[in-house]
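S.K.: Here it is, the structure in full.
The values are calculated or read from the model by the stated rules, or taken from the named source; none is laboratory data. Because the structure is a prediction, the values reported are computed rather than measured. We place every Cβ from the backbone using ideal geometry, glycine too, and count neighbours over all the protein chains shown. With ligands, DNA and RNA removed, areas are computed over all heavy atoms of the protein, side chains included. Shrake-Rupley method; radii C 1.70, N 1.55, O 1.52, S 1.80 Å.
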Amino acid sequence: MKKQLVLSCIIAIILLSGCSNTNNINPTDANTAINESKNLFNFGEISSKTDTAPSPEKMLREISNFVIADIWNVGFVDVISYTRSGTSSTGASMDIDFTIEQLGKAMEEKKEYDTYMNELDIKYDSIKKIWAKLSPEIDLLYKQIQETPPKANDNSLKLDAGKFNQYSEAFSKEVNDLAKL
């Protein structure tokens with residue numbers, strides 16, 4: 001959307017600069033250029049309203065990336081690391097409250113993905129079956145974090161991510177295999 005806006009601005013400037021020659025002002029040409037530039041600014045709005053929904057394959061890749069990036073990398077793995085060593089998974093200092101807040105936002109987004117997965121047609125049943133295991137495992141781990149807030153170097157929070165990793169890897173593999181078909 002931003003690229004379209006920048007492109008529209010550049011085109012509008014070019015069109016309007018062509019009308020700035022004061023020696024040969026043609027009001028019709030100037031009005032045409034202004035109207036064309038106005039249409040360009042509305043182009044992004046019009047096209048976003050008429051865009052079709054992404055394909056199931058694209059949405060499934062998005063969901064897979066979401067699980068890896070937002071749930072695991074920025075969420076569970078850092079929480080687990082923090083309880084063991086007091087640092088992020090990369091060994092950097094971290095604000096655990098901020099991490100949990102971001103994970104909470106990801107969990108809200110996950111609800112939308114749960115709905116999407118439930119509405120997929122029969123063609124995607126094998127992926128839906130894996131999601132039916134992965135999604136509750138995500139919920140379980142998040143619930144544990146809420147019930148036992150993580151503290152640095154405190155092993156009282158026992159997050160066992162084994163099943164999560166098993167289901168997550170199977171989900172990613174299944175999504176990647178769709179691209180090969």
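S.K.: Any idea how many residues of region 143-164 are free of Cβ contacts under 8 Å to residues at least 60 places away in the same chain, assigned to a helix (DSSP H, G or I) and either open to solvent by less than 60 Å² (accessible area, probe 1.4 Å) or touching a strand residue (DSSP E or B) at 6+ places or on another chain (Cβ under 9 Å) (or both)?
M.R.: 2
S.K.: With the requirement that a residue be open to solvent by 50 Å² or more (accessible area, probe 1.4 Å) and more than 20 Å from Asp125 (Cβ to Cβ), what does region 55-72 give you?
M.R.: Asn65, Ile68, Asp70, Trp72
S.K.: Further question on the same structure: Give Lys128, Lys111, Lys105 a once-over and let me know the one that is touching a helix residue (DSSP H, G or I) at 6+ places or on another chain (Cβ under 7 Å) and within 22 Å of Arg61 (Cβ to Cβ). Spell out how you get there, then give the answer.
M.R.: Numbers: Lys111 fails: touching a helix residue (DSSP H, G or I) at 6+ places or on another chain (Cβ under 7 Å); Lys105 fails: touching a helix residue (DSSP H, G or I) at 6+ places or on another chain (Cβ under 7 Å).
Just a single option satisfies the conditions, and that option is Lys128.
S.K.: Here is a further query. May I ask you to verify whether Ser135 is polar (S, T, N, Q), open to solvent by less than 20 Å² (accessible area, probe 1.4 Å) and more than 21 Å from the chain's Cα centre (by Cα)? Before you say what the answer is, go through the steps one by one.
M.R.: Values: polar (S, T, N, Q): yes; open to solvent by less than 20 Å² (accessible area, probe 1.4 Å): yes; more than 21 Å from the chain's Cα centre (by Cα): no.
In short, no.
S.K.: Another question about this same structure. Could you please find all residues in region 73-114 being open to solvent by 70 Å² or more (accessible area, probe 1.4 Å) and in a helix (DSSP H, G or I)? Give the steps one after another, and end with the answer.
M.R.: If we filter region 73-114 for residues that are open to solvent by 70 Å² or more (accessible area, probe 1.4 Å), which is where we start, we get 73-74, 84, 90, 93, 95, 97-98, 101, 105, 108, 111-112.
Listed by number, the residues that qualify are Asn73, Val74, Arg84, Asp97, Phe98, Glu101, Lys105, Glu108, Lys111, Glu112.
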